[in-house]
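Asks: Take a look at the following structure, please.
The values are calculated or read from the model by the stated rules, or taken from the named source; none is laboratory data. In this text the structure is predicted, and so the values were computed from the model without any measurement. No Cβ is skipped: glycine too gets one built from the backbone with ideal geometry, and neighbour counts run over all protein chains shown.
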Amino acid sequence: MKGIYIHGLESNNKGSKISYTHTVLDIDSPPINYKKLNAIDCSIHDVIEQDYDFIIGSSMGGYVAYNYAICNNKPMLLLNPSLVYDAEKHPFNYQFTPEELAKYDNKCNVLLGVHDDVVNPNVTKDKLQVTANIIELECGHRIPLEAFKPYLQEFIKIIGVTN
């Protein structure tokens with residue numbers, strides 16, 4: 001099983017959570033320069049160029065991961081995803097109706113820092129309450145590695161990867 005981990009807007013593919021994830025899962029973690037993506041001409045396939053079995057995304061990467069997973073019916077783990085479309089920041093605009101989301105088979109797993117001052121966790125909860133397994137953590141926007149590890153292990157069980 002092969003997955004992809006998409007980092008956030010002000011981050012890179014060298015962070016501690018991505019490094020740790022490489023030790024327990026077979027993932028790609030490409031560097032993404034969101035600012036060079038053209039919102040008018042860009043699609044999610046400009047970022048994710050092949051098919052993956054699962055996807056993990058953080059912040060803006062959570063936005064990309066969410067849209068890829070919904071479009072392709074893949075399991076996802078999102079960390080403080082930035083799901084509210086903002087044309088100034090987001091490279092692409094995918095909007096799903098509540099009916100489309102209700103058909104999704106609950107493969108959405110979300111970690112939210114309740115003290116996040118970058119992405120409002122209440123907005124994320126409102127958007128995903130029907131389709132997601134949401135875990136609230138006592139942290140801010142940057143989820144500490146030690147808080148992430150047990151939920152990654154749980155996600156591994158959900159997607160059926162055996163170590």
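Asks: Would you mind telling me which numbered condition in (1) modelled with pLDDT under 80; (2) under 16 Å from the mean Cα position of the chain (by Cα) Lys103 fails?
Replies: Tallying (1) modelled with pLDDT under 80; (2) under 16 Å from the mean Cα position of the chain (by Cα), Lys103 fails exactly one: (2).
Asks: How many residues does region 72-100 contain that are at pLDDT 60 or above, surrounded by 15 or more Cβ atoms within 10 Å (Cβ to Cβ) and hydrophobic (A, V, I, L, M, F, W, C)?
Replies: Summing the residues that are at pLDDT 60 or above, surrounded by 15 or more Cβ atoms within 10 Å (Cβ to Cβ) and hydrophobic (A, V, I, L, M, F, W, C) in region 72-100 gives 5.
Asks: Continuing with this model, one more query. Among the numbered criteria (1) surrounded by fewer than 19 Cβ atoms within 10 Å (Cβ to Cβ); (2) within 17 Å of Val84 (Cα to Cα), which single criterion is violated by Thr124?
Replies: (1)
Asks: Applying the selection to region 17-26, what residues are touching a helix residue (DSSP H, G or I) at 6+ places or on another chain (Cβ under 9 Å) and buried (at least 19 other Cβ atoms within 10 Å of the Cβ)?
Replies: Matches in region 17-26: Lys17, Thr21, Leu25.
Asks: Please verify whether Ser19 is under 22 Å from Glu154 (Cβ atoms), modelled with pLDDT of 85 or more and not aromatic (Phe, Trp, Tyr), treating the condition exactly as stated.
Replies: yes
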